[in-house]
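*Asks:* My questions will all concern the structure given below.
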Amino acid sequence: MSSGPSTSAPSPGADRSADPYLPEHGNGGYRVEHYDLDLDYQVGPNRLSGTARISATATQALLRFSLDLADLRVRRVLVDGKPAKFTHSGGKLRIRPQSPLGENAEFRVEVRYSGTPHPIAGRWGEIGWEELTEGSMVAAQPIGAPSWFPCNDHPSDKAAYRVSFTADSPFSVQVTGNLVSQQRRGSTTTHVFERPEPTSTYLMSVQVGPYTDVELAGGEVPQRAAIPARLKEDFAVDFGRHGQIMDCFRELFGPYPFGEYVVVVTDDELEDPVEAQGMSIFGANHVDGQRTHERLVAHELAHQWFGNSVTIADWRHIWLNEGFATYAEWLWSERSGGPSAQEHAADWHAQVAADLRIGDPGVSSMFDPQVYKRGALTLHALRHEIGDEPFFALLRRWAAEHRHGTATTEDFTSLAAEHANRDLDPLFTAWLDQPELPALPG
């Protein structure tokens, strides 16, 4: 996030972020504290109308500021209850309030908008709000949040949310957050969700479809699912050990960081599952009644600790999300009687290429398989270097100290060195900062 020093005269806010990979997403000059979204959605025509009320604090004196919002029509903008001038183009809603905002000023923005939401085109394909055969879904990582609400679209600007979502009553509505009320009026039902934990924009999601609610697992953490009724038997097999996976990760990583965990299975096929805050979304193709994709079940659950609660400060550090979640797959395999983490490490060490610095992979390689697999290999090498007991104590401390916050690679390597009480720079330099692949320990 960019911010300027205190000056006697207000200066414009930046309509770019300080992110070295995606500077066009995110904005400078303020931080968001809370989003309050009132949304009305018509499934058939894929029509969304909404009012977004955003509570923010200026980090510098501002003459104007901007929000990220894709191709939806903006009808009115208010700042602190007063009409504000605005322009909307190129994915940016640029706002000039009637009066300048002083540094540290708390202010409130209201945006009324409507239109036909659709995904945002990017180098990774189309991302964001997407129509399904019957219903819709949001898969927002990394640039899709502005496809359905105005926001400061950067992972470091985490905020709380309230989302009121009205849709046709026959449809199940799942929004990342705790359901606090439902009220039916005629042919529609309004569902109100609250997400009190600081949440990045890309981790907010909406799922609408003709789903059946089922219990995912019992235990201390509420775990439930919304799935197509036709997949109920196969789902019971594929997700039958979910309670055990949750218990395993709570032991290894510390307390589950949210109030509940929700799995949604769309009736359409998805290329990859998607994680959101307290929620994961799978396609019908990930359910076959044979536990073929159980590693993905573990991967998405692990993101609730690594990626969602502990969120990267900018996209350079993506290995902290994907390497940790991939290593969690290997840990669950090890704990559940499958191949050990060492066996997985040996297998992938023989396959992974050696031409990427995963500590700073570049925007075009953010989601390269090396970031996932070599990231997991980095953690395995660290585990071998410092031993099991210190390693898992480190993971629990990492999840606890950065709970609901943001972090960088340097934060992790420094904490690891402090925890191990010795210099670990040679290890991390070899695995994260050099393209050559080090020898596999053990």
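The values are calculated or read from the model by the stated rules, or taken from the named source; none is laboratory data. Everything numeric in this text was worked out from a predicted model, so none of it was measured. Neighbour counts are summed over all protein chains in view; Cβ atoms, including those assigned to glycine, are modelled from backbone coordinates with ideal geometry.
*Asks:* Could you check, for region 129-152, whether at least one of its residues is buried (at least 20 other Cβ atoms within 10 Å of the Cβ), assigned to a loop (DSSP other than H, G, I, E, B), among the polar types (S, T, N, Q) and within 24 Å of the chain's Cα centre (by Cα)?
*Replies:* yes
*Asks:* Quick check: is even one residue across region 69-76 surrounded by fewer than 18 Cβ atoms within 10 Å (Cβ to Cβ) and part of a loop (DSSP other than H, G, I, E, B)?
*Replies:* Yes, the conditions are met somewhere in region 69-76.
*Asks:* A further question follows. Quick one: which residue in Glu103, Glu110 is in a strand (DSSP E or B) and in contact (Cβ under 8 Å) with a residue 40 or more places away in the chain? Explain how you work it out, then say what you get.
*Replies:* Numbers: Glu103 fails: in a strand (DSSP E or B).
The conditions single out Glu110.
*Asks:* Can you pull out the residues in region 116-128 that are more than 17 Å from His88 (Cα to Cα) and either modelled with pLDDT under 95 or outside any loop (DSSP other than H, G, I, E, B) (or both)?
*Replies:* Ala121, Gly122, Arg123, Trp124, Gly125, Glu126, Ile127, Gly128
*Asks:* Restricting to region 173-194, name every residue that is more than 20 Å from the chain's Cα centre (by Cα) and among the hydroxyl-bearing types (Ser, Thr, Tyr).
*Replies:* Ser181, Ser187, Thr188, Thr189, Thr190, listed by residue number.
*Asks:* Scan region 53-67 residue by residue and report those that are buried (at least 21 other Cβ atoms within 10 Å of the Cβ) and either farther than 17 Å from Pro12 by Cβ or without any contact (Cβ under 8 Å) to a residue 12 or more places away in the chain (or both).
*Replies:* Of everything in region 53-67, just one residue is buried (at least 21 other Cβ atoms within 10 Å of the Cβ) and either farther than 17 Å from Pro12 by Cβ or without any contact (Cβ under 8 Å) to a residue 12 or more places away in the chain (or both), namely Ile54.
*Asks:* With the condition kept exactly as written, say whether any residue in region 30-43 is in a loop (DSSP other than H, G, I, E, B), more than 24 Å from Glu194 (Cα to Cα) and touching a strand residue (DSSP E or B) at 6+ places or on another chain (Cβ under 8 Å). Spell out the reasoning first.
*Replies:* Step one: list which residues in region 30-43 are in a loop (DSSP other than H, G, I, E, B), which gives 43.
From what's left, more than 24 Å from Glu194 (Cα to Cα): none.
Looking for residues that are in a loop (DSSP other than H, G, I, E, B), more than 24 Å from Glu194 (Cα to Cα) and touching a strand residue (DSSP E or B) at 6+ places or on another chain (Cβ under 8 Å), one finds none in region 30-43, hence no.
*Asks:* Turning to a different aspect of this structure: From the set of residues in region 13-52 that are among the aliphatic types (A, V, I, L, M) and modelled with pLDDT under 95, which is surrounded by the fewest Cβ atoms within 10 Å (Cβ to Cβ)? Break it down stepwise before answering.
*Replies:* So in region 13-52, the residues among the aliphatic types (A, V, I, L, M) come out as 14, 18, 22, 32, 37, 39, 43, 48, 52.
Keeping just the survivors that are modelled with pLDDT under 95 gives 14, 18.
Values: Ala14: 20, Ala18: 15.
The selected residue is Ala18.
Listed here are the residues, each with its yes/no results for (1) under 16 Å from Asn152 (Cβ atoms); (2) out of contact with any Asp or Glu (no Cβ under 7 Å at 6 or more places or on another chain).
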residue: Lys82; (1), (2): no, yes
residue: Gly91; (1), (2): yes, no
residue: Gly102; (1), (2): no, yes
residue: Pro119; (1), (2): no, no
residue: Arg123; (1), (2): no, yes
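*Asks:* Could you grab the pairs with beta carbons closer than 6 Å, sequence gap of 6+ or different chains, first residue in region 124-135 and on the phi > 0 side of the Ramachandran plot, second one aliphatic (A, V, I, L, M)?
*Replies:* Cβ pairs passing all conditions: Gly128/Ile120; Gly128/Ala140; Gly135/Val208.
*Asks:* Could you tell me whether region 106-121 includes any residue that is among the charged types (D, E, K, R) and either more than 15 Å from Ala52 (Cβ to Cβ) or assigned by TED's automatic domain parsing to the domain that holds Asp368 (or both)?
*Replies:* The answer is yes, given that some residue of region 106-121 is among the charged types (D, E, K, R) and either more than 15 Å from Ala52 (Cβ to Cβ) or assigned by TED's automatic domain parsing to the domain that holds Asp368 (or both).
*Asks:* Which residues, counting only those in region 77-117, are surrounded by 15 or more Cβ atoms within 10 Å (Cβ to Cβ) and polar (S, T, N, Q)?
*Replies:* Within region 77-117, Ser114 is the sole residue that qualifies.
*Asks:* In region 345-357, is there at least one residue being within 27 Å of Ser414 (Cβ to Cβ) and buried (at least 24 other Cβ atoms within 10 Å of the Cβ)?
*Replies:* yes
*Asks:* Could you list all residues from region 153-169 that are surrounded by 19 or more Cβ atoms within 10 Å (Cβ to Cβ) and either in a strand (DSSP E or B) or of a type in the set (Val, Ile, Thr) (or both)?
*Replies:* Once the filter is applied, which keeps residues that are surrounded by 19 or more Cβ atoms within 10 Å (Cβ to Cβ) and either in a strand (DSSP E or B) or of a type in the set (Val, Ile, Thr) (or both), region 153-169 yields Ala159, Tyr161, Val163, Ser164, Phe165, Thr166, Ala167.
*Asks:* Can you find a residue in region 370-379 that is touching a residue at least 12 places away in the same chain (Cβ under 8 Å) and surrounded by fewer than 17 Cβ atoms within 10 Å (Cβ to Cβ)?
*Replies:* Within region 370-379, not a single residue is touching a residue at least 12 places away in the same chain (Cβ under 8 Å) and surrounded by fewer than 17 Cβ atoms within 10 Å (Cβ to Cβ).
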